[in-house]
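Working notes, beginning with the structure itself.
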Amino acid sequence: MSEPTRAEAPRRPSPAQPAPRTLDQELRTVADFAAAELAVRDGCDSARLVVLAGQDPAAALAAARQGIADGRGPVPLRPHRAPWRTLVVIPTYNEQENLAAIVRAIHCFLDCDVLVVDDGSPDGTGAIADRLAAADDRVHVLHRQGKQGLGTAYIAGFRFAMERGYQRVCEMDADFSHAPWDLPRVVMASADHELVIGSRYVKGGCTVGWDWKRRMLSRGANLYARLWLASGVRDNTAGFRCFHTDALRRLDLGAVAAQGYAFQIEMAFRMVRAGFRVREVPIHFVDRRVGKSKMDGRIAREALLLVPKLRGKVARSAR
Ligand SMILES: Nc1nc2c(ncn2[C@@H]2O[C@H](COP(=O)(O)OP(=O)(O)OP(=O)(O)O)[C@@H](O)[C@H]2O)c(=O)[nH]1
Ligand SMILES: [Mg+2]
């Protein structure tokens with residue numbers, strides 16, 4: 001028998017080259033959402049986090065492993081259930097590549113209703129929303145005529161939630177920048193906070209895939225808002241949120257002036273000024289995969305001009 005050749009010799013991991021990590025080694029299991037938040041704060045990527053929340057550990061791990069393998073993320077055995085009737089509002093403008101996938105993904109992770117607020121998207125997103133709503137009574141659609149801005153889309157969504165008795169209403173983008181597996185964590189954190197923000201700028205949070213210009217713009221806008229408003233909120237422009245509808249009822253939504261990013265700044269400030277409790281949970285914000293950003297100079301200019309006025313405009317009140 002000949003000596004094994006070099007190529008045939010059994011490979012042993014050398015100390016300098018650790019064995020490749022397996023999927024199981026990379027997954028982390030935690031008992032509940034409070035533990036999940038601590039893990040993400042400590043640097044764990046929530047895309048690798050299995051939140052048991054009452055599921056059988058082996059079965060939950062298997063479901064998450066399968067979900068990751070087919071690109072859906074660490075899906076639970078069954079969608080998580082929040083103790084509140086929850087509506088997730090997704091404003092859309094030309095999101096035809098994303099809409100069906102984000103709605104499906106949301107329903108893998110959370111038992112909730114979804115409202116799509118479409119502004120007559122020329123690419124046919126509204127028709128996709130109608131098809132989704134016809135096939136699933138958890139999906140609702142509001143059609144508006146022409147692009148009217150993010151702010152008014154969310155106000156329409158908030159009113160829809162308040163009129164129909166939802167206890168929580170969430171904001172979420174259609175473009176997968178807000179990970180569907182983070183949605184249960186954002187909602188569950190709302191037990192005793194009237195506003196929960198999925199935040200890039202607290203420990204454990206970050207942005208992924210943005211170039212330096214986009215990072216500077218977001219950081220700059222947040223620094224600007226923090227300096228002017230001193231409200232204690234770190235990620236003022238974040239669009240991944242959960243509100244108590246009871247709290248929104250106490251705000252004067254008709255007085256909200258902002259349309260674009262400034263809408264997020266204004267809403268967070270109004271909640272703080274009204275004496276509500278705001279909590280930021282860390283998220284990894286990932287640049288959109290497909291479709292085009294609707295961010296433009298007008299939206300940035302609006303924030304620049306509005307923020308200095310907010311302190312004078314929004315009165316402080318006790319809850
Ligand atoms: N209904 C409605 N939706 C909008 C409008 N502008 C943006 N959206 C939606 O709001 C969400 C956020 O918009 P994006 O274009 O992703 O803006 P962004 O996340 O700040 O920017 P990027 O990170 O570059 O994608 C997406 O789901 C958009 O389709 C609007 O005027 N009306
Ligand atoms: Mg986006």
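Can you give me the ranges of the strands (runs of 3 or more DSSP E) entirely in the range 214-319 with at least 1 residues that are under 27 Å from Ser121 (Cα atoms)?
Working: elements: 241-244, 278-282, 284-286.
Result: 241-244, 284-286.
Report yes if some residue within the range 192-213 is part of a helix (DSSP H, G or I), charged (D, E, K, R) and within 16 Å of ligand 2 (Cβ to nearest atom); otherwise report no.
Just the residues of the range 192-213 that are part of a helix (DSSP H, G or I), to begin with: 212-213.
Still in the running and charged (D, E, K, R): 213.
Restricting the remaining residues to those that are within 16 Å of ligand 2 (Cβ to nearest atom) gives 213.
Checking the range 192-213: at least one residue is part of a helix (DSSP H, G or I), charged (D, E, K, R) and within 16 Å of ligand 2 (Cβ to nearest atom).
So, Ala127, is that one free of Cβ contacts under 8 Å to residues at least 12 places away in the same chain, away from ligand 1 (no atom under 16 Å from the Cβ) and in a helix (DSSP H, G or I) or not? Break it down into steps so the answer makes sense when it comes.
Working: free of Cβ contacts under 8 Å to residues at least 12 places away in the same chain: yes; away from ligand 1 (no atom under 16 Å from the Cβ): no; in a helix (DSSP H, G or I): yes.
The answer is no for Ala127.
When you scan the range 284-298, do you find a residue that is more than 11 Å from ligand 1 (Cβ to nearest atom) and at positive phi, even just one?
Scanning the range 284-298 turns up no residue that is more than 11 Å from ligand 1 (Cβ to nearest atom) and at positive phi.
Here is a yes/no grid of residues against (1) touching a Gly at 6+ places or on another chain (Cβ under 9 Å); (2) surrounded by fewer than 23 Cβ atoms within 10 Å (Cβ to Cβ); (3) of a type in the set (A, V, I, L, M):
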residue	(1), (2), (3)
Gly149	yes, yes, no
Glu163	no, yes, no
Leu183	yes, no, yes
Arg214	no, yes, no
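Answer with yes or no whether Ile90 is part of a helix (DSSP H, G or I), buried (at least 18 other Cβ atoms within 10 Å of the Cβ) and of a type in the set (A, V, I, L, M, F, W, C). Before you say what the answer is, go through the steps one by one.
Numbers: part of a helix (DSSP H, G or I): no; buried (at least 18 other Cβ atoms within 10 Å of the Cβ): yes; of a type in the set (A, V, I, L, M, F, W, C): yes.
No: the conditions fail for Ile90.
Which members of the range 104-118 meet the condition of being under 17 Å from Asp137 (Cβ atoms) and either within 16 Å of ligand 2 (Cβ to nearest atom) or aromatic (Phe, Trp, Tyr) (or both)? Walk me through it before giving the result.
At the first step, the residues of the range 104-118 found to be under 17 Å from Asp137 (Cβ atoms) are 104, 106-107, 110-116.
Ile106, Val116, listed by residue number.
Out of Leu253, Leu183, Leu223, Leu229, which single residue is of a type outside the set (S, T, N, Q) and within 20 Å of the chain's Cα centre (by Cα)?
Details: Leu253 fails: within 20 Å of the chain's Cα centre (by Cα); Leu223 fails: within 20 Å of the chain's Cα centre (by Cα); Leu229 fails: within 20 Å of the chain's Cα centre (by Cα).
Of the residues listed, the single one that is of a type outside the set (S, T, N, Q) and within 20 Å of the chain's Cα centre (by Cα) is Leu183.
Quick test for you: out of Arg159, Arg144, pick the one residue that is in contact (Cβ under 8 Å) with a residue 24 or more places away in the chain and more than 22 Å from the chain's Cα centre (by Cα). Even if it seems obvious, please write down each step before you answer.
Numbers: Arg159 fails: more than 22 Å from the chain's Cα centre (by Cα).
None of the others qualify; the one that does is Arg144.
Of the conditions (1) away from ligand 2 (no atom under 16 Å from the Cβ); (2) in a helix (DSSP H, G or I), Gly71 clears all except one; give me its number.
Here Gly71 meets the rest and fails (2).
All but one of (1) crowded, with 16+ Cβ neighbours inside 10 Å; (2) within 15 Å of ligand 1 (Cβ to nearest atom); (3) not in a loop (DSSP other than H, G, I, E, B) hold for Phe176; which doesn't?
(3) is the only condition that Phe176 fails.
Tell me which residues, restricted to the range 148-166, are part of a loop (DSSP other than H, G, I, E, B) and modelled with pLDDT under 95. Step through it out loud before you land on a result.
Residues of the range 148-166 part of a loop (DSSP other than H, G, I, E, B): 148-149, 164-166.
Listed by number, the residues that qualify are Gln148, Gly149.
Would you please name the residue that is nearest to Arg65 (Cα to Cα), looking only at residues in the range 178-229 that are among the polar types (S, T, N, Q) and in contact (Cβ under 8 Å) with a residue 24 or more places away in the chain?
To start, the set of residues in the range 178-229 that are among the polar types (S, T, N, Q) comprises 190, 199, 207, 218, 222.
Filter once more, so that each one left must be in contact (Cβ under 8 Å) with a residue 24 or more places away in the chain: 190, 199, 207.
Numbers: Ser190: 28, Ser199: 26, Thr207: 24 Å.
Going through the qualifying residues, I end up with Thr207.
Looking at Ala101, is it assigned to a helix (DSSP H, G or I), surrounded by fewer than 21 Cβ atoms within 10 Å (Cβ to Cβ) and more than 15 Å from ligand 2 (Cβ to nearest atom)? First the steps, then the outcome.
Working: assigned to a helix (DSSP H, G or I): yes; surrounded by fewer than 21 Cβ atoms within 10 Å (Cβ to Cβ): yes; more than 15 Å from ligand 2 (Cβ to nearest atom): no.
Against the criterion (assigned to a helix (DSSP H, G or I), surrounded by fewer than 21 Cβ atoms within 10 Å (Cβ to Cβ) and more than 15 Å from ligand 2 (Cβ to nearest atom)), Ala101 does not qualify.
The values are calculated or read from the model by the stated rules, or taken from the named source; none is laboratory data. Computed from a predicted structure; not experimentally measured. Neighbour counts run over all protein chains shown; Cβ positions are idealised from the backbone, glycine included.
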